[in-house]
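Read-outs: derived from the displayed coordinates by stated rules, not from any lab. No experiment lies behind these values; they were computed from the predicted model shown. When we count neighbours, we look across all protein chains shown, and the Cβ atoms used for this are built from the backbone with ideal geometry, even at glycine.
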Amino acid sequence: MLINLYSKKFFKILTLPIFLYLTFFDITIFNKELKADKKLQAATEKDLFLYRQMGASYLCIATNAEVDFEKSLGIASATFANVIIGKHEGVIKEFGTEKIDQKRLYNAGTFQIVSSALNICPKNIPKEVKNSYEERLKELIKQNKK
């Protein structure tokens, strides 16, 4: 009974200051700005560089830990694509307002992550992947010259 009486008094003493504080300083959960309400912006070159380097870093760390290369690259590429879709709705500034689908982002991420990983941890990249990357790079350079 004694504890119950003190609990009620304690509650009444604390309730008034908290109520006044919330009233006068207008602090409520409803006034908090939601980041989800903001308009998402297209991924910039700086954003893409960050995501690419994160993917390459993951790939290098995973392969150093003897995780299967294909699985590591798949996870890094999927993460690259998912971040761009989640944060930028699949829009890349360089391509205007066109939303790029997940498959294209995944493939582009794979190419870019391998490119960065070749600079960071070239010993971890299998020879056939390196050769395939170099062939594809030559094709892209040839296409851009036309």
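Couple of notes before you dig in:
- Gyration tensor (alpha-carbon) shape descriptor, the range 39-146, a/c threshold 1.5: oblate
- Label point distance in nm, residue 15-residue 115, each placed 7 Å from Cα along Cα→Cβ: 6.5
- At full extension, residue 94 and residue 61 could sit 8.9 nm farther apart than now, given 0.36 nm per residue minus the alpha carbon distance.
- Ranked 52, 136, criterion: other C-beta atoms within 10 Å, fewest first: 136, 52
- Stretch gain in nm, segment residue 75-residue 132, where the contour uses 0.36 nm per residue and the Cα spacing is subtracted: 18.6 nm
- FRET efficiency estimate (nearest 0.05) - Cβ-Cβ, residue 145 to residue 103, R0 35 angstrom: 0.85
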